[in-house]
């Protein structure tokens, strides 16, 4: 029988979520975005404190016109440095070079690069709250520091509301408002999910991708 952990995704909407897959747990995630974008993730728990993953996709893969595949796959590494306790949060260190949107020397929404993430789980009745705070350093063409926050509110074991935000400091192509996203996740049998998201609520992006919609499909299993 599958081991159900209710992890399901390593992201809120766009920002990293403060969890790592345990040993022997893997997840597959497909992300459908604007402009026919399709991005696939595969992550696996190598040990209880170490998860690794790969991602690949491109823009205009769905619809008409020539697809634009990314020049290289993305790599995700996540290490649990301090496990969450009753009075203190979990601390993670990670590497993630997968960004979002079109790629032209850099992703339209830059990848996290290297980051540190802290998060804490709070329980109240049939609700679970998971806030987090992270800092990161971009490794793309315009290097620099940024930060990000996230919040998950899970209702029982069937649905969750997710919100995340990044100010996206020192990006020459945005509108200096930051990226605010939200989504609703529906969970099936504790190991599959469907998620509908609204991204860039502040119209921070460039071009036609401001205030866009996204769908995620995910599956988690053990071996």
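The values are calculated or read from the model by the stated rules, or taken from the named source; none is laboratory data. Note that this is a predicted model, so its numbers are computed, not measured. Note that we place each Cβ from the backbone using ideal geometry, even for glycine, and neighbour counts take in every protein chain shown.
Here are some notes:
- The range 167-193, residues that are touching a strand residue (DSSP E or B) at 6+ places or on another chain (Cβ under 7 Å), in a loop (DSSP other than H, G, I, E, B) and closer than 26 Å to residue 104 by Cα: 167, 168, 169, 170, 178
- Any chance residue 30 is buried (at least 16 other Cβ atoms within 10 Å of the Cβ) and outside any loop (DSSP other than H, G, I, E, B): no
- Applying the condition of being in a strand (DSSP E or B) and surrounded by fewer than 22 Cβ atoms within 10 Å (Cβ to Cβ) to the range 198-215 and asking which residue is modelled with the lowest pLDDT yields 212.
- Out of 8, 50, 54, one residue alone is touching a residue at least 24 places away in the same chain (Cβ under 8 Å), surrounded by fewer than 21 Cβ atoms within 10 Å (Cβ to Cβ) and under 18 Å from the mean Cα position of the chain (by Cα). It is 50.
- Qualifying residue in the range 90-98 (condition: part of a strand (DSSP E or B) and out of contact with any strand residue (DSSP E or B) (no Cβ under 8 Å at 6 or more places or on another chain)): no
- Consider the range 72-89 and keep the residues that are more than 17 Å from the chain's Cα centre (by Cα), over 16 Å from residue 21 (Cβ atoms) and assigned to a loop (DSSP other than H, G, I, E, B). The one that is modelled with the highest pLDDT is 89.
- All conditions but one from (1) within 28 Å of residue 193 (Cα to Cα); (2) within 17 Å of the chain's Cα centre (by Cα); (3) in a strand (DSSP E or B) apply to residue 128; the one that does not is (2).
- Close pairs from the range 22-36: first at positive phi, partner at pLDDT 90 or above and surrounded by 15 or more Cβ atoms within 10 Å (Cβ to Cβ), Cβ under 7 Å, at least 6 apart: 24/45
- Scanning the range 162-183 for residues that are within 22 Å of residue 131 (Cβ to Cβ) and exposed (fewer than 14 other Cβ atoms within 10 Å of the Cβ) turns up just one, 169.
- Lone qualifier among 142, 146 - being modelled with pLDDT of 95 or more and either surrounded by fewer than 17 Cβ atoms within 10 Å (Cβ to Cβ) or within 19 Å of residue 12 (Cβ to Cβ) (or both): 146
- Residues in the range 109-119 that are touching a residue at least 40 places away in the same chain (Cβ under 8 Å) and surrounded by fewer than 21 Cβ atoms within 10 Å (Cβ to Cβ): 118 alone.
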